[in-house]
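> The structure's right below; bear with me while I get my questions together.
Bear in mind these aren't lab numbers, they're just calculated from the coordinates by the rules spelled out. All values derive from a computational prediction rather than experimental measurement. In this analysis, Cβ positions are derived from the backbone assuming ideal geometry, glycine residues included, and neighbour counts consider all displayed protein chains.
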Amino acid sequence: SAGALVATIAAIGTGARIAREWIPELGFTWIFFSDQISAPLLLLTAGITLLVVVHGLRHRPAGGPAGLYFGLILLIDCGALATFWTGDLIVFFIAFEVVLVPMWVLIHRFGDAHDPGARREAAIRFVLFTALGSSLMLAGILTLVSASDSSAMGSILSSGLSSDTQMVAAGLLVLGLAVKVPIFPLHSWLPPAHTIAPTGGSVLLAAILLKMGTYGLIRLPMALTPDGFARVAPVLAMFGVVGIVWGALVCLVERDLKRLIAYSSVAHMGFVALALGTNSALGLQAALVANVAHGLISALLFFVVGGLKERWGSVDLGQLRPALRETWPALGFALMVGLAGSLALPGLASFWGEFLAITAAWQPPPSPAGLPAAGGLLEQVGWFAYVPPGPVSAGLLRGLAVLAALGAVLAAAYSLRVARLVWMGDPAPRDRDGDATGTELFVIVVLVVAIVVLGLLPYLVYPGSSVMVAGL
């Protein structure tokens, strides 16, 4: 895992690129590259996986041998990195599917042992939903490949697909990837999976697997079928906002803390869907920043809540417990940082993604008149250079912006609710034995620093307002 992180940094830093024929008779190619869209997600994937491995050395769940547990984690790391590296649709699909099998085993084999029935149900639901999403995504990919006679993303981008083909492919891809993100109402597999999965599995699921879905929305339908995506974008934005409000309302009454964080992920992914649904350069920028921010914050929250569950046996908010500020201040402080990030407090990573998403929805999309046409290899150009804004009325977008802002207010409400119940808790002082271990402190410090740095210096991740798509 450490080697993967070092190799990823080196490859990104040197601008490494691979382009070789794989199955020339079918037009399949090995294309691997990084750009401003994929590079931050590659670093996030390699870094989070390393933290999961370090955490597992001291806090490995029961359910199987250590070799199996760490092997599954490394398989997920390999598949996710390949997903973010590749520029070929077929390789993208294969790499995406490689990740799903080890994640299913993590849930089924290493999940919460207190309720075997719930563990089986969560694993089956995960398989059924992700298989449905994969089938739809594959249908969309095959539509593009058959229409362009190539699986290379760059070739498809410049192949001049008809409007009807783009519409069919965009619809299939958006629907299939909406299951992976997940976007309301296709989210019902996520809370059980998070609740049952071991801490490492929950972290990987939230910080990496969900990002593969949003990355797929950007790299496939948005980039390769701009006309078709422009027609689908309003629907994506609307369901994203429903997810924001729905997830926040559920969090206001949810008692299981892991399940609550899972529903908050649905809400945060709703902001990404809203940003992409605006079909604008600012919306794309918001989605890219929100993706990385949620990966860091959700990882921190699941590490902390997993530690609390390991100590308490459950994370039922209906049970009054000793105040973390009095008993385990290190875990308590980390939880407060995660909750502050969840409510998009200015100065922390999530603020910029959510603020820019609402701003992009409030501002009407500009006219694409005079902008260069799509096609070819595009370097350091505005997103509008090849993704024209869709026919979304300014009134609809502004209404969605207002509802999203309401969801942000609700996020503050449920975050403060959790803080009151867990941070404040029972004020009676207790023995501080059992606070964060050295391994947990290392993981917490790395993530807290990353959340603060990204919140103060978001341009370190995505400098400027333009997006590089040269790798296509």
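> Inverting the mean 1/r over all pairs of different Cα atoms, compute the Kirkwood radius of the range 2-460 and quote it in Å. Could the numbers behind the result be given before it?
Values: mean 1/r = 0.0452 Å⁻¹.
Hydrodynamic radius (Kirkwood, Cα pairs) of the range 2-460 is 22.1 Å.
> Moving to a separate point now. May I ask you to derive the relative contact order of the range 2-460, considering only C-alpha pairs under 8 Å and at least 6 residues apart, and to give it as an integer percent?
15 percent
> Please report ILE358, ILE18 as a ranked list, fewest other C-beta atoms within 10 angstrom at the top and most at the bottom.
Placing the least packed residue first, the sequence is ILE18, ILE358.
> If you don't mind, another one. With unit charges on the beta carbons (Lys and Arg positive, Asp and Glu negative) and the dipole taken about the Cα centre of the chain, which residue among PRO191, MET424, LEU308 sits farthest to the positive side?
Going by the charge dipole, the pick is MET424.
> Please work out the Cα center distance from the range 194-248 to the range 275-339, rounded to the nearest Å.
Their Cα centres are 18 Å away from one another.
> Answer with one residue from VAL98, ALA334, LEU74: the one whose Cα lies farthest towards the positive end of the charge dipole of the chain, charges on Cβ with Lys, Arg +1 and Asp, Glu -1.
ALA334
> So if I place +1 on the C-beta of Lys and Arg and -1 on the C-beta of Asp and Glu, and nothing else carries charge, what would the dipole magnitude of the chain be about its Cα centre? I want it in debye, nearest 20.
720 debye
> Can you give me the Cα centroid spacing of the range 103-126 and the range 14-90 in angstrom?
23 Å
> Check LEU317: other-chain or 5+ apart residues with amide H under 5 Å from its amide H, H built from backbone geometry?
ASP256, LEU257
> Simple spin-label model, 7 Å along Cα-to-Cβ: LEU396 to ARG420 in nm?
In this crude spin-label approximation the distance works out to 3.9 nm.
> Under unit Cβ charges (Lys, Arg +1; Asp, Glu -1), what dipole magnitude, rounded to 20 debye, does the range 97-161 have relative to its Cα centre?
My answer is approximately 140 debye.
> Cut-off is 10 Å between beta-carbons; in what order do HIS59, HIS187, HIS294 appear when sorted fewest neighbours first? List each step's numbers first, then the result.
Values: HIS59 18, HIS187 24, HIS294 27.
Exposure proxy ranking, most exposed first: HIS59, HIS187, HIS294.
> Decide, for the range 1-146, between rounded, prolate and oblate: order the square roots of the alpha carbon gyration tensor eigenvalues as a ≥ b ≥ c, take rounded if a/c falls under 1.5, and otherwise choose prolate if a/b is larger than b/c, else oblate.
Numbers: a/c = 2.76, a/b = 1.33, b/c = 2.07.
Cα axes put the range 1-146 in the oblate bin.
> Arranged by the count of other C-beta atoms within 10 angstrom, fewest first, what order do GLU21, GLU97, GLU440, GLU354 take?
Lowest count first: GLU21, GLU97, GLU440, GLU354.
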